[in-house]
């Protein structure tokens, strides 16, 4: 799955250094819905906060991921902490 994401900087509640790497496993939430676990498989080198980034992730669990359709907007969460936002580009 492909998406465009923007990780939040510390002044907006995110991390001082984006924790965005291959194997990163946050949860995504679409429209305040169920928390969906994903695993990032492709990220740009040296990601910086508040910059749009093109990433890829896989859907590792046997749950309903149908809400992650192209165009869907989502929050990126670490526990209850929102660390970024994104939009699905392609499945």
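The values are calculated or read from the model by the stated rules, or taken from the named source; none is laboratory data. Fair warning: this is a prediction, and the values are worked out from it, not measured in the lab. As a convention, Cβ positions derive from the backbone with ideal geometry for all residues, glycine included, and neighbour counts pool all protein chains shown.
Things to note:
- Among the residues of region 61-71, at least one is in contact with a strand residue (DSSP E or B) (Cβ under 6 Å, 6 or more places away or on another chain), under 22 Å from residue 91 (Cβ atoms) and exposed (fewer than 12 other Cβ atoms within 10 Å of the Cβ).
- Looking only at region 48-72, and only at residues there that are closer than 13 Å to residue 36 by Cα and assigned to a strand (DSSP E or B), the one that is farthest from the chain's Cα centre (by Cα): 58
- First in region 47-72 and at positive phi and modelled with pLDDT of 95 or more, second anywhere and in a strand (DSSP E or B) and surrounded by 12 or more Cβ atoms within 10 Å (Cβ to Cβ), Cβ under 8 Å, 6 or more apart: 71/87; 71/88
- Identity of the residue in region 73-91, out of contact with any strand residue (DSSP E or B) (no Cβ under 7 Å at 6 or more places or on another chain) and outside any loop (DSSP other than H, G, I, E, B), that ends up surrounded by the most Cβ atoms within 10 Å (Cβ to Cβ): 78
- Of all residues in region 1-11, those satisfying the criterion of being surrounded by 13 or more Cβ atoms within 10 Å (Cβ to Cβ) and either more than 13 Å from residue 84 (Cβ to Cβ) or modelled with pLDDT under 90 (or both) are 1, 2.
- Residue that is modelled with the highest pLDDT [pool: residues in region 29-43 that are in contact with a strand residue (DSSP E or B) (Cβ under 6 Å, 6 or more places away or on another chain) and in a loop (DSSP other than H, G, I, E, B)]: 38
- Residues in region 12-28 that are touching a residue at least 40 places away in the same chain (Cβ under 8 Å), outside any loop (DSSP other than H, G, I, E, B) and surrounded by fewer than 16 Cβ atoms within 10 Å (Cβ to Cβ): none.
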